[in-house]
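Some notes on the structure that comes next.
The values are calculated or read from the model by the stated rules, or taken from the named source; none is laboratory data. Remember, it's a predicted structure, so these values are computed and weren't measured experimentally. A quick note on method: Cβ atoms are made from the backbone with ideal geometry, for glycine too, and the neighbour counts reach across all protein chains shown.
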Amino acid sequence: MDISLFDYEIDSSLIAQKPCFPRDESRLLSCLNNDFQDLKFKDLPMLLNSDDVLVINNTEVIPSRLFGKRDQVNIEVTLHLNIDKNRWRAFLKPGRKCQVNDELIFQNNLKANIIEKFEAGDVLLDFNCHKENLLVEIKNQGEMPLPPYIKRHEKSIEDIKDYQTIFAAHQGAVAAPTAGLHFTDNVIKNLENKGVQFAPITLHVGAGTFLPVKSDNILEHKMHEEWCSLSQKSSDILNNAIQNNKRIISVGTTCLRVLETIAKKNKGKIIPWSGFTDLFITPGFKFNIVDILITNFHLPKSTLLMLISAFHGRKRVFKSYEYAIRQKYRFFSYGDSCIFSKENQKYDK
């Protein structure tokens with residue numbers, strides 16, 4: 001499948017540089033039926049049924065962009081995958097001249113040795129302190145790893161709060177699960193009052209989410225790994241929904257990938273599980289669990305755009321993107337959101 005099928009043009013003026021405030025005043029494009037409906041995110045409760053289950057990602061973004069030195073050269077380090085207590089995979093900038101056994105020196109006596117280089121362009125770093133202390137140092141020294149299309153020169157203090165969802169509870173992500181950024185206490189309260197159930201999962205979003213697909217044939221692309229987990233409690237909520245024909249609504253592509261990963265590994269069933277997923281969803285994928293997807297507008301040629309094309313149908317997705325561009329919706333991480341039904345499925349299950 002050719003990558004050009006997932007390309008589109010967007011004016012840079014539509015790429016959101018700051019979030020909407022209040023968060024639930026962001027726009028929501030409903031694509032649940034054959035027509036489009038322009039809403040605010042605070043209107044989400046009116047789109048959902050009283051017995052729906054909403055799956056949310058409770059990962060917490062850590063300020064994973066560090067600045068140090070290699071010899072006398074300044075170096076920027078973006079951590080993207082925690083391997084064990086003191087080892088992280090990371091992207092280095094500049095990184096081409098870095099070699100195995102090079103030492104990187106940061107503030108407060110924090111150091112790391114390069115112990116492996118990978119074909120993907122990243123390295124494995126071995127830090128001189130263990131997980132709890134290392135996370136403290138990362139929080140003290142790091143910056144929020146805003147995506148490269150956010151071009152602001154200043155990284156505001158507000159980003160520490162703005163680039164974090166209201167559900168954040170488990171440290172480990174280096175990018176936000178952006179569909180969750182629109183939720184407020186008020187939206188959650190209105191959903192709960194309606195009877196909507198919440199099922200938290202965890203997927204620590206990696207910096208690989210920003211990596212472009214370089215293969216002309218998308219099926220040759222190697223997906224990055226991300227750690228994820230589903231608890232017994234959330235598994236029970238989801239299985240009850242499946243048994244009673246209730247709709248399962250994924251808040252973001254991260255939740256969808258966790259659920260479909262688990263189902264794929266367990267013959268279509270949901271069970272408590274934790275581990276790494278590198279599931280790459282492209283058109284033709286058979287979805288087992290998710291009925292409706294809430295998601296932001298994604299970059300051209302991205303794996304996320306391929307995922308939503310698989311879920312809702314490529315032509316329908318591109319029709320909705322064309323409409324959103326005409327209506328001047330705000331795109332990408334700090335932008336607006338849309339809500340899609342699974343292809344060939346009516347709004348009511």
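General remarks:
- Residues in the stretch 207-239 that are surrounded by 14 or more Cβ atoms within 10 Å (Cβ to Cβ), assigned to a helix (DSSP H, G or I) and touching a residue at least 60 places away in the same chain (Cβ under 8 Å): 8 in all.
- Candidates T261, T277, filtered to the one that is under 25 Å from H170 (Cα atoms) and touching a residue at least 60 places away in the same chain (Cβ under 8 Å): T277
- Across the stretch 256-273, the number of residues qualifying as closer than 15 Å to T202 by Cβ and either in a helix (DSSP H, G or I) or not assigned by TED's automatic domain parsing to the domain that holds F311 (or both) comes to 6.
- Being of a type in the set (D, E, K, R), closer than 30 Å to K117 by Cβ and either in the same structural domain as F311 (by TED's automatic domain parsing) or under 20 Å from the mean Cα position of the chain (by Cα) (or both) holds for only one residue in E60, E9, and it is E60.
- Lone qualifier among S333, S302 - being within 16 Å of the chain's Cα centre (by Cα), more than 29 Å from D51 (Cβ to Cβ) and surrounded by fewer than 20 Cβ atoms within 10 Å (Cβ to Cβ): S302
- Where a residue in the stretch 80-99 is farther than 18 Å from N133 by Cβ and modelled with pLDDT of 90 or more and its partner, wherever it lies, is of a type in the set (A, V, I, L, M, F, W, C) and not in a strand (DSSP E or B), with Cβ under 6 Å and at least six apart: H80/V174; H80/A207; L92/C98
- Residue that is nearest to V290 (Cα to Cα) [pool: residues in the stretch 33-61 that are assigned to a loop (DSSP other than H, G, I, E, B) and at pLDDT 95 or above]: D52
- The criterion of being over 26 Å from I201 (Cβ atoms), touching a Lys or Arg at 6+ places or on another chain (Cβ under 7 Å), buried (at least 19 other Cβ atoms within 10 Å of the Cβ) and modelled with pLDDT of 95 or more does not hold for L181.
- Among the residues of this structure, V174 counts as one that is crowded, with 19+ Cβ neighbours inside 10 Å, under 22 Å from R89 (Cβ atoms) and at pLDDT below 95.
- Residue within the stretch 124-147 that is modelled with pLDDT of 95 or more, aliphatic (A, V, I, L, M) and closer than 26 Å to T261 by Cα present: yes
- The single condition among (1) within 30 Å of H221 (Cα to Cα); (2) out of contact with any helix residue (DSSP H, G or I) (no Cβ under 9 Å at 6 or more places or on another chain) that I105 does not satisfy is (1).
- The number of residues in the stretch 279-302 that are closer than 20 Å to A263 by Cα and among the polar types (S, T, N, Q) comes to 2.
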